[in-house]
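Taking it in order: structure first as structure tokens, then the write-up.
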Amino acid sequence: MGRPSTGAWTVYESLRSYLIKGKQISTILSWSNQNGSSCGCIKVVCSYLNEISKRYVQLIYTMTNSSGQKTDYNYKLFLNEIHSNIGKGKVLYLQCPQSDRKCRILFKAYDSEIFKCRQAYKNRLYYDCQQTSKMNPYNDSYWRLDKHSKTIEKTAKRGRRTYNGVLTNKPCRFKRLHLKQWKMNELRWTLGVPKALKGLIKE
């Protein structure tokens, strides 16, 4: 059994916010929580042009507080290009609007009004595996992989699945997820079984 909730947020519960070089595009993104219910939407303008001042991700959204008051937000997250440490190409980073740290992902958690990096939060943002019971990590990983594989199953099995005898990206990813899930299934029934139950299983 997992530990009782402490009120701490995980990175998967937080809202997270695509870029095409030389273009400016806009789209509407929406999120759903772990139960599949809609929990938010946002308009995103992604600009990745040659001029440094025109490399940004603009976020436009409205938040409603507990008393029903609505507040509109419209701000830019600037992009930074850093040379790759392997000497090939560049790595793109977002600049946190609060801490100015370079990061790959920004989160919106703990009723924050803006998206910011994990380090900018006073309260720590956790990964699921950091909150799970020591007896339950394999079981949690199994069900997380099961959820991911079901999400891409339809697209992975639709259309052309191979090219020149090689699996295309989606079917290949689907296969990898299934292999990982199979491994976690073995571990959760061996290493992940509580000591009190191990004796019963052997009998």
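The values are calculated or read from the model by the stated rules, or taken from the named source; none is laboratory data. Remember, it's a predicted structure, so these values are computed and weren't measured experimentally. Glycine gets a Cβ as well: all are built from the backbone with ideal geometry, and neighbour counts include every protein chain shown.
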| task | Considering only residues that are over 20 Å from Arg104 (Cα atoms) and surrounded by 11 or more Cβ atoms within 10 Å (Cβ to Cβ), look in segment 1-60 and name the one that is modelled with the lowest pLDDT. | result | Gly2
| field | Criterion violated by Leu125 - all others in (1) closer than 19 Å to Arg55 by Cα; (2) not assigned by TED's automatic domain parsing to the domain that holds Glu51 satisfied | value | (1)
| note | Within segment 61-79, residues part of a strand (DSSP E or B) and surrounded by 10 or more Cβ atoms within 10 Å (Cβ to Cβ) come out as Tyr61, Thr62, Met63, Thr71, Tyr73, Asn74, Tyr75, Lys76, Leu77, Phe78, Leu79
| said: Filter segment 155-175 down to the residues that are modelled with pLDDT under 75 and in contact with a Pro (Cβ under 6 Å, 6 or more places away or on another chain) and list them by number. | reply: Arg161
| Unique match (being at pLDDT below 85, of a type in the set (A, V, I, L, M) and under 19 Å from the mean Cα position of the chain (by Cα)) among Ile105, Ile152, Ile114 | Ile152
